[in-house]
Amino acid sequence: MSDFLAGMVAASRRRVRSAKARIGEAELLRRASMRPAPKSLRHHASGFDVFAEFKPRSPSLGQMLAKGSRDASESGAAYASGGACAVSVVTEPTAFSGSLEALTDISGQCGLPTMRKDFLVEPYQVVEAGAHGASGVLLIARLLDAALLAEMIATAESMKLFVLVEAFDLDDLDRAVGALDDAGGAGLLGVNARDLATLAIDRSRHASLARHAPAGLRLVAESGIATRKDAARVARLGYSVALVGAALMRADDPVPLLSKMIASGRDAAAQREVAR
């Protein structure tokens, strides 16, 4: 595990301990049960969608938004207007300046399903996501042994939350696929092109790992997707979803860029189907 990832895991565990000291799991479950039912994740018939991400900061790029520009709710509304399938909300507070409050705001106002993206290490955090209005969670295969990954997926399913299991290499991919198969194959399989040691992007990973993914699972391409050409590239590789963060966060107006990326991805997906 890289120093960066180990630091994120340690910080996540500290946050869980603090959260449990404030709110017990039984009370958290009660609060989650009182929220409206999670929004359903609906995929476009074309075979390509975008998860638009809200993250105030990036460890590799720094601050995403200028002070006084779009807040969480405004970003969520823009993503809905641009045609996003869902909004990924980074809640990690230390390196990404994220928050559960932003997840609550976007979940309550933008009309789209939201996904909590964080370095989740305990089922409690899945319940926490649901209690703050999320419709899904991202789980990083590398952080969780097989039993814990299965338990967290089961917790999400019990709350009717969708799951995106993220892989960075072939070992991760095998573990993620195994966990999703055991859960009935209903989740999403993510491939992240970022190197966790250097934080650099290796776009070739999208192609190399997609070749090893089983047919039938929806693939999500993560990191390194900033233009309409990038969206078309991953769609041609067989990805059903692109998760796009920095490019949309840094755009003065993310709506035109998001719309163009979706259109390009859907055109490429259609061409891929014709070529089969």
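The values are calculated or read from the model by the stated rules, or taken from the named source; none is laboratory data. Every value quoted in this text rests on a predicted model; they were computed, and no experiment measured them. Don't worry about glycine lacking a Cβ; one is built from the backbone with ideal geometry, like all the others, and counts go over all protein chains shown. These accessible areas exclude ligands, DNA and RNA; they are computed on the full protein's heavy atoms, side chains included. Shrake-Rupley method; radii C 1.70, N 1.55, O 1.52, S 1.80 Å.
Can you tell me the alpha carbon radius of gyration of segment 1-135 divided by the globular rule-of-thumb value 2.2 N^0.38 Å?
Numbers: Rg = 15.3 Å, N = 135, 2.2 N^0.38 = 14.2 Å.
That works out to 1.08 for segment 1-135.
Note that the chain presents 43 Å² accessible area per residue, ligands and nucleic acids not counted, probe 1.4 Å.
For semi-axes √(5λ) of the Cα gyration tensor in Å, the choices are (1) 26, 22, 19; (2) 47, 22, 14; (3) 31, 21, 18; which was calculated from the structure? Looking at semi-axes √(5λ) of the Cα gyration tensor in Å for this model, the match is (1).
Counting lysine pairs in the chain that sit 8 or more residues apart in sequence, or on different chains, and whose Cα atoms lie under 26 Å apart gives 17. Across 239, 124, 79, mean-square fluctuation computed from a Gaussian network of the chain (C-alpha pairs under 10 Å connected) peaks at 124. For segment 178-276, with the dipole built from +1 on Lys and Arg beta-carbon atoms and -1 on Asp and Glu ones, taken about the Cα centre, which of 269, 246, 190 lies farthest toward the positive end? Highest projection toward the positive end goes to 269. Between the amide H of residue 166 and those of 139, 140, 141, 190, distances stay under 5 Å, these residues lying 5 or more places away or on another chain, with hydrogens modeled in the peptide plane. Summarising the amide proton neighbourhood of residue 88: residues at separation of 5 or more, or on other chains, whose placed amide H is nearer than 5 Å comprise 52, 53, 54, 115.
For segment 167-276, what is the convex hull (Cα atoms) projected area averaged across all directions, in square nanometres? Present the calculation step by step, with values, prior to reporting the outcome.
Values: hull surface 29.1 nm².
Result: a mean projected hull area of 7.3 nm².
About the Cα centre, and with charges only on the beta carbon of Lys, Arg (+1) and Asp, Glu (-1), how big is the dipole of the chain? Nearest 20 debye, please.
Numbers: 34 positive and 31 negative charges, 102 e Å.
Rounded to the nearest 20 debye, it is 500 debye.
Placing +1 on the Cβ of every Lys and Arg and -1 on the Cβ of every Asp and Glu, with no other charges, gives segment 155-196 a dipole of roughly 260 debye about its Cα centre. Restriction of the trypsin sites (Lys or Arg not before Pro) in segment 1-67 to DSSP coil positions whose beta-carbon has at most 11 other beta-carbons within 10 angstrom yields 42, 67.
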